[in-house]
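**Student:** Just dropping this structure here.
Derivation of every value follows stated rules applied to the coordinates shown; laboratory data play no part. Keep in mind it's a predicted model, so treat the numbers as computed, not measured. Note: ideal-geometry Cβ built from the backbone for every residue, glycine included; neighbour counts use all protein chains shown.
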Amino acid sequence: MFTGIVETMAEVISLERQGTNINFRLKAPVAHELRVDQSVSHNGVCLTVTGVTDDGYSVTAVEETLSKTNLGSLRPGDPVNLERCMPANGRFDGHIVQGHVDQTGVCTGIEDKEGSWLFDFSFDPGEQGNIVVEKGSICINGVSLTVFNTTDRSFQVAIIPYTFEHTNFHTLSVGQQVNLEFDVLGKYVSRLLARREIPFVG
């Protein structure tokens with residue numbers, strides 16, 4: 001389990017296609033602390049460490065993961081948001097994040113507010129019925145954020161300077177895909193209401 005509080009960033013060193021999978025080699029400041037079989041969130045995607053060296057490590061993304069996330073668009077040199085799984089004695093600073101990306105969204109606007117940035121995102125709720133709730137939580141590329149100005153297929157988030165600098169938000173551009181994990185509590189409530197055919201009012 002994760003909290004959506006990005007710990008550091010990794011850099012993609014290389015990638016290799018193996019059948020329908022992609023093996024990623026990454027460099028990160030915490031690489032020497034990782035171990036094989038450990039779960040690490042990469043842009044919000046939970047992946048298992050398959051190998052470790054002094055300054056790098058490797059993970060594999062399978063076809064299912066690649067089809068639902070933006071990992072397949074990564075190239076050598078790209079920054080990736082990292083979060084190791086939450087320790088049992090840690091503080092819960094963000095919200096419950098599973099590392100199971102629901103779908104991708106698209107950045108539709110960026111506004112510099114001279115002290116913060118407003119990012120607009122759109123998404124297709126599709127058959128999954130994913131929802132955002134005003135002042136609720138969402139995980140974007142592994143970052144826990146509060147949404148506002150929500151509709152049934154769009155929302156805004158505000159990014160403070162620290163988050164902008166220490167995550168890959170500073171590399172985002174309009175039209176770029178991001179990984180979205182919707183609030184797990186909201187997903188359960190939405191599905192339960194759908195089964196009972198009770199309309200949800202956001």
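**Student:** Apply 1/(1 + (r/R0)^6) to the Cβ-Cβ distance of residue 62 and residue 114, taking R0 = 45 Å, and write down the FRET efficiency to the nearest 0.05. Can you show the working numbers first?
**Tutor:** Details: r = 43 Å, r/R0 = 0.95.
Efficiency, rounded to the nearest 0.05: 0.55.
**Student:** What is the calculated FRET efficiency for residue 134 to residue 27, with r their C-beta to C-beta distance and R₀ = 25 Å, to the nearest 0.05? Mind showing how you got there, number by number?
**Tutor:** Numbers: r = 39 Å, r/R0 = 1.57.
Using R0 = 25 Å, I get an efficiency of 0.05.
**Student:** Over the chain, what is the relative contact order in whole percent, taking alpha-carbon pairs under 8 Å and six or more residues apart? Spell out each step's value before the answer.
**Tutor:** Working: 467 pairs, mean separation 47.5, N = 202.
Relative CO of the chain lands at 24 percent.
**Student:** Pick from 18, 177, 103 the residue whose mean-square fluctuation is largest in a GNM of the chain, springs joining Cα atoms under 10 Å.
**Tutor:** In this elastic network of the chain, the residue with the biggest mean-square fluctuation among 18, 177, 103 is 18.
**Student:** Picking from 23, 70, 130, which is most flexible by a Gaussian network model of the chain using Cα springs under 10 Å?
**Tutor:** Top of the fluctuation ranking is 23.
**Student:** Shifting gears a bit: If r is the Cβ-Cβ distance from residue 106 to residue 50 and R0 is 35 Å, what FRET efficiency results, to the nearest 0.05?
**Tutor:** Details: r = 30 Å, r/R0 = 0.87.
With a Förster radius of 35 Å, E is 0.70.
**Student:** Cα centroid distance between the range 1-45 and the range 148-168, in Å?
**Tutor:** Using only Cα atoms, the two centres lie 23 Å from each other.
**Student:** Taking 0.36 nm per residue of separation and subtracting the Cα-Cα distance, what length does fully extending residue 153 through residue 20 add? Working shown, then result.
**Tutor:** Values: separation 133, 0.36 × 133 = 47.88 nm, distance 3.05 nm.
The span from residue 153 to residue 20 would gain 44.8 nm if fully extended.
**Student:** Here's another thing I want to ask about it. When the chain is modelled as a GNM with alpha-carbon springs shorter than 10 Å, which of 15, 26, 118 fluctuates the most?
**Tutor:** In the Gaussian network model the winner is 118.
**Student:** In whole angstrom, how long is each semi-axis of the equivalent ellipsoid of the range 8-84, when you take the square root of 5 times every eigenvalue of its Cα gyration tensor and sort them from largest down? Before the final figure, lay out the partial values.
**Tutor:** Numbers: eigenvalues 63, 31, 29 Å².
They are 18, 12, 12 Å, listed largest first.
**Student:** When the label point is put 7 Å from the Cα of residue 98 along its Cα-to-beta-carbon vector, which residues of the range 139-175 have a backbone N closer than 19 Å?
**Tutor:** From the range 139-175, the list is 139-145.
**Student:** Sticking with this structure for a sec: Which one, 96, 161, 117, is farthest towards the positive end of the dipole of the range 96-161 when Lys and Arg carry +1 and Asp and Glu -1 on their Cβ?
**Tutor:** 96
**Student:** With the dipole of the range 1-140 worked out from charges on the C-beta (+1 for Lys and Arg, -1 for Asp and Glu) around the Cα centre, which of 12, 56, 80 lies farthest toward the positive end?
**Tutor:** Checking the options against the dipole of the range 1-140, the answer is 56.
**Student:** Using the alpha carbons of the chain, what is the convex hull volume per residue in cubic angstrom, as a whole number? Intermediate values should be presented prior to the final figure.
**Tutor:** Details: hull volume 25.8 nm³, N = 202.
Dividing the Cα hull volume of the chain by its residues yields 128 Å³.
**Student:** What does the charge dipole of the range 103-195 about its Cα centre add up to, to the nearest 20 debye, if the Cβ of each Lys and Arg holds +1 and the Cβ of each Asp and Glu holds -1? Don't jump to the answer; show the numbers that get you there.
**Tutor:** Numbers: 6 positive and 11 negative charges, 77 e Å.
Computed charge dipole of the range 103-195: roughly 380 debye.
**Student:** A follow-up question, please. Computed over the Cα atoms, what is the radius of gyration of the range 103-195 divided by 2.2 N^0.38 Å, N being its residue count? Mind showing how you got there, number by number?
**Tutor:** On the way: Rg = 13.2 Å, N = 93, 2.2 N^0.38 = 12.3 Å.
Scaled against compact globular proteins, the figure is 1.07.
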